[in-house]
1. Can you tell me which residues in region 13-37 are assigned to a strand (DSSP E or B) and under 15 Å from A114 (Cα atoms)?
2. Taking the condition of being at pLDDT 95 or above and among the basic types (K, R), how many residues in region 56-73 meet it?
3. Quick check on this structure: which one of F98, F40 is at pLDDT below 95, farther than 19 Å from R117 by Cβ, out of contact with any Leu (no Cβ under 7 Å at 6 or more places or on another chain) and not acidic (D, E)?
4. Which residue is surrounded by the most Cβ atoms within 10 Å (Cβ to Cβ), if the candidates are limited to region 63-103 and must be of a type in the set (A, V, I, L, M, F, W, C), part of a loop (DSSP other than H, G, I, E, B) and under 17 Å from the mean Cα position of the chain (by Cα)?
5. Kindly list, by first and then second residue, each pair from a residue in region 76-91 that is more than 19 Å from S8 (Cα to Cα) to a residue that is surrounded by fewer than 17 Cβ atoms within 10 Å (Cβ to Cβ) and hydroxyl-bearing (S, T, Y), limited to pairs with Cβ atoms under 9 Å and residues at least 6 apart or on different chains.
Amino acid sequence: MTLVTWGSQVKECLEAADALAEDGISAEVIDVATLKPLDFDTIAESVSRTGRVVIVHEAARTGGFGGEIAARLAEHSMYDLLAPIERVTGYDTPIPLFRLEMKYLPSVEKIVAAAKRTLAAS
């Protein structure tokens, strides 16, 4: 499976990939270094190998750049997908103050759960 992320969520995705590996699930982590220009070819090549993708970012789900990546995958890689695209994002609310921030942000547990949903879909 492919985990696509950038910024501070790279750490969580790498930890999620390690947790998935303990369950015998292989995950490629793609750190999108820049959003513009987006290295879409690297993402598409990985998805063509794995057939499954989870997009992770800390911004709100609606209007977040993960939606753009999902749209491009739907346009250019639809037939490579073996399961629906999963997104693990912040909520469609303002980012809370520090003491509640960790409940808002994607976590390793949420990423692993999304990854396992893509496996259960086929």
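The values are calculated or read from the model by the stated rules, or taken from the named source; none is laboratory data. In this text, all values refer to a predicted model and were calculated from it rather than measured experimentally. We place every Cβ from the backbone using ideal geometry, glycine too, and count neighbours over all the protein chains shown.
1. Listed by number, the residues that qualify are E28, V29.
2. Matching residues across region 56-73 total 1.
3. Result of the check over F98, F40: F98.
4. I85
5. From region 76-91, the pairs are S77/S48; D80/S48; L82/S122; A83/S122.
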